[in-house]
Each structure stands twice: as C-alpha cells, then as structure tokens.
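**Q** Got a structure for you, questions after.
The values are calculated or read from the model by the stated rules, or taken from the named source; none is laboratory data. Just so it is clear, the model here is predicted, and its values are computed rather than measured. Note that we place each Cβ from the backbone using ideal geometry, even for glycine, and neighbour counts take in every protein chain shown.
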Amino acid sequence: MLGLVAPLSLAAQARYRVTTDGAWFCQEPGGKRLARLARGAVLMGGEAQGDWQGVMVEGWIFTTSVGPTPRAGYDLTVTRAPEENLRSAPAGALIGKLPQGFLLTRVAEGTSGRWIHVTRAGWVEKTDLESIAQVASSRTAAPDSDTTQARPTPARAPAVAPATGHGSAGSPPDTTASASAPVDPSRVESARRTVLYRSPEGQPAGTLAPSAPLRVLGRSGEWTRVELEGWVRSADLQIAPPGVLVGITAAELRTDPQRYAGQVLRWTLQFISTQKADELRPEIPNGATYFLARGPLPERGFVYVVVPEARRAQLETMTPLATIQVTARVRTGRTRFLGNPVLDMINLETLP
C-alpha cells in the first residue's frame with residue numbers, strides 16, 4: 001500500500017499541552033528544576049520514563065535577553081535577571097519564564113531582529129500535561145458518522161490522483177442497511193472532490209476524486225490521516241538506489257527501532273544548526289559533530305545526523321533552514337530522552 005499522509009502524524013512527534021500553571025521544566029526525570037511553564041503551552045513530546053515525559057520546548061525570546069555560552073551542546077544562555085519570557089511566536093502566547101543562566105539552542109531563523117528562535121530539551125511530570133491527540137479524539141463525532149472526516153477547504157493542488165472507486169465490491173454503499181450492521185470506522189470515502197495535504201495547513205499533495213476509498217490511520221484535531229490504495233503508471237515511479245530505503249517515516253523508526261537499525265535510508269530534511277554532542281545525547285559519541293534538522297519533510301519532528309570528520313567542512317557552507325537530501329545509516333530509531341532518530345551521514349546534497 002502507498003501511505004499518503006493528509007495531516008501530521010501524531011506518532012511522528014507527539015504533542016502535549018501544559019495543564020498546570022507554573023509546571024516545572026526539569027533537566028532530567030526528577031532532577032534539577034530549570035524553569036516554570038505556562039498553562040496552555042504546547043510542547044513536542046518524546047520518550048517517557050515512569051511519571052516523567054521527555055519534551056522539547058521551542059519558542060522565541062528577546063535577542064537582548066540572551067548571550068553566548070561556552071557550554072557544549074548549547075549556543076545561548078539567558079542573561080536577563082531574574083528571568084525572561086519565552087513565547088510561542090514573536091509577541092505570541094507565553095510558554096514559560098526562563099531564569100537567568102537557562103541554556104538554549106539557537107534555531108537560526110530570522111525575524112525583525114528583536115527576537116530569536118530557540119529550543120531546549122527537558123522533562124515534565126505527566127500529571128502536568130495532557131496529550132493533544134487524546135483531547136482532540138474525545139471531541140470528534142461518533143465513529144459511524146461522516147463528521148469524523150476532516151474536510152479541508154479546497155485549494156490549488158497538483159495533479160489529480162484518480163481514485164473513483166466506491167469500495168472493494170465496486171458498487172455504492174447500501175444506505176438501507178440495518179442500523180445494527182457492523183461498521184468499520186477506519187473505512188471511509190471522500191464525500192466530495194477533496195484536496196490531499198502533506199501536513200495540517202501544509203502544502204497540497206494532490207486531489208482525491210469523490211468517493212475515493214480511504215483508510216483512517218489517525219486523527220488530530222480537525223485533521224485525519226488517511227491511506228489510499230491505488231495504481232500508478234510504472235514509468236512515473238523513481239527507483240531508489242540499491243540498498244537505500246525511501247518512503248520511510250520517522251514514526252516507523254520510533255515504533256520499531258530495532259528493525260531499522262543499521263539500514264541505509266534517504267531523507268529530505270530542513271537543516272537547522274550544527275551541534276557538539278554532550279551527555280544529554282548518549283547515543284552520539286561525546287564531542288562528536290552532528291546537526292539538528294527537521295524531518296523527514298513534511299514531518300516536523302527533530303532528527304540528529306552525526307557527521308564524519310571528512311564531511312565536517314561541508315557543513316560550513318550550509319545555510320540555516322536549507323532543504324537538504326541526506327543518505328544516512330540509522331544509528332538508532334529512537335533516542336533515550338526525546339525519542340528522536342539518530343543517523344550517521346553518508347552523503348548530503350543541498351536541494352534548490
């Protein structure tokens with residue numbers, strides 16, 4: 001089957017909302033308390049340990065309130081006393097209050113110059129969080145109702161994916177069936193000509209014809225991830241190089257890390273910044289060079305790519321937020337603290 005992702009996969013990078021105002025953001029499970037988070041702040045989630053959830057805080061802070069730091073693995077430290085606000089966007093919603101000395105990693109993404117984009121990995125008690133996926137699921141309609149299907153507003157899209165069948169039997173559904181007949185909530189069809197998106201609010205990937213048969217893989221808020229089974233002309237397909245996997249998602253690596261360990265894959269990523277490994281990245285040799293990236297696109301999760309010494313010079317020419325294609329070997333599909341994949345780079349190309 002060909003998996004087409006309409007929304008962002010929750011398995012790719014779980015999201016959590018802070019439910020307790022002033023919840024502690026800690027360095028490690030039950031460890032040093034670093035900062036307080038605001039109620040309603042949304043965090044990217046990783047691996048859990050007992051009563052603790054690994055998270056990635058991402059937001060914006062005044063450029064004048066931070067300065068450089070010599071600490072390995074970090075770029076900035078909060079310099080304003082006693083604390084400074086971290087916001088979801090420039091002048092956006094409050095994420096938390098960071099005390100003086102709080103360490104951050106810079107995401108090189110320009111704005112008006114007054115703000116800087118930063119991240120930091122840490123831990124929060126599970127009792128102070130709620131899964132956004134669970135909240136969204138509890139608000140959806142009953143499984144046998146067509147309202148469970150997200151129906152995005154039509155927009156300009158690439159070529160149409162011809163999927164005009166009515167189901168496995170080739171005939172329209174029997175609307176006179178008894179209400180007690182079994183219903184498979186994972187089997188749905190497009191109610192109208194529908195735009196297929198790469199991610200929620202993302203770029204269009206194609207268009208589904210009315211009554212295209214679909215299988216529901218997951219839901220997040222107003223979006224539904226679907227899988228489409230169909231046929232394409234062989235001449236329109238590109239074969240991957242021998243021994244290289246394509247079409248593998250980060251969610252698949254996290255779900256079954258042992259299966260993909262040592263495998264070579266090709267991913268399209270968004271380069272963020274170069275880093276030096278420290279004790280918080282036990283899967284990477286201490287002091288080794290790696291770069292932080294988003295992806296594989298259109299997924300928005302984080303990926304760590306270890307760079308061999310012979311390739312370090314190539315990173316000096318990299319532009320932040322550049323789109324790159326990486327051929328790499330999977331070191332681990334899921335890190336201990338945040339659950340992000342770690343790859344060993346073999347080859348890297350900058351895409352236009």
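**Q** So in segment 70-79, with the set limited to residues that are part of a loop (DSSP other than H, G, I, E, B), touching a strand residue (DSSP E or B) at 6+ places or on another chain (Cβ under 8 Å) and of a type outside the set (Phe, Trp, Tyr), which one is surrounded by the most Cβ atoms within 10 Å (Cβ to Cβ)?
**A** Asp75
**Q** Another question about this same structure. If Leu269 passes every condition in (1) more than 19 Å from the chain's Cα centre (by Cα); (2) in a strand (DSSP E or B) but one, which one does it miss?
**A** (1)
**Q** A further question on this structure: When you scan segment 221-228, do you find a residue that is free of Cβ contacts under 8 Å to residues at least 24 places away in the same chain and surrounded by fewer than 20 Cβ atoms within 10 Å (Cβ to Cβ), even just one?
**A** No, segment 221-228 contains no residue that is free of Cβ contacts under 8 Å to residues at least 24 places away in the same chain and surrounded by fewer than 20 Cβ atoms within 10 Å (Cβ to Cβ).
**Q** Within segment 29-46, how many residues turn out to be exposed (fewer than 14 other Cβ atoms within 10 Å of the Cβ) and assigned to a loop (DSSP other than H, G, I, E, B)?
**A** 5
**Q** Which residues, counting only those in segment 28-42, are of a type in the set (A, V, I, L, M) and farther than 22 Å from Glu279 by Cα?
**A** The answer is Leu37, Ala38, Ala41, Val42.
**Q** When you scan segment 316-336, how many residues do you find that are buried (at least 17 other Cβ atoms within 10 Å of the Cβ), within 19 Å of Asp278 (Cα to Cα) and over 16 Å from the mean Cα position of the chain (by Cα)?
**A** Qualifying residue count, segment 316-336: 2.
**Q** Could you list, in sequence order, all residues of segment 80-99 that are in a loop (DSSP other than H, G, I, E, B) and on the phi < 0 side of the Ramachandran plot?
**A** Correct list: Arg80, Ala81, Pro82, Ser88, Ala89, Pro90, Gly92, Ala93.
**Q** Condition first: in contact (Cβ under 8 Å) with a residue 40 or more places away in the chain and within 16 Å of the chain's Cα centre (by Cα). Now tell me which residues in segment 279-296 satisfy that.
**A** Selection gives Leu292, Gly295, Pro296.
**Q** Here are the criteria: (1) modelled with pLDDT of 95 or more; (2) crowded, with 19+ Cβ neighbours inside 10 Å. Tell me which single one Val55 does not satisfy.
**A** Of (1) modelled with pLDDT of 95 or more; (2) crowded, with 19+ Cβ neighbours inside 10 Å, only one is false for Val55: (1).
**Q** Here's something else I'd like to know. Please verify whether Arg281 is surrounded by fewer than 20 Cβ atoms within 10 Å (Cβ to Cβ), outside the structural domain of Glu125 (by TED's automatic domain parsing) and charged (D, E, K, R), treating the condition exactly as stated.
**A** Working: surrounded by fewer than 20 Cβ atoms within 10 Å (Cβ to Cβ): no; outside the structural domain of Glu125 (by TED's automatic domain parsing): yes; charged (D, E, K, R): yes.
No; evaluated as a whole, the condition is false for this residue.
**Q** Looking at (1) of a type in the set (S, T, N, Q); (2) more than 20 Å from Glu58 (Cβ to Cβ); (3) at pLDDT 85 or above, which one does Thr255 not meet, given that it meets all the others?
**A** Every condition holds for Thr255 apart from (3).
**Q** Here is a check on your reading of the model: is Arg120 at negative phi, among the charged types (D, E, K, R), out of contact with any Asp or Glu (no Cβ under 6 Å at 6 or more places or on another chain) and at pLDDT 55 or above?
**A** Yes, satisfied.
**Q** Kindly check whether there is at least one residue in segment 297-305 that is buried (at least 20 other Cβ atoms within 10 Å of the Cβ) and either aromatic (Phe, Trp, Tyr) or more than 17 Å from the chain's Cα centre (by Cα) (or both).
**A** yes
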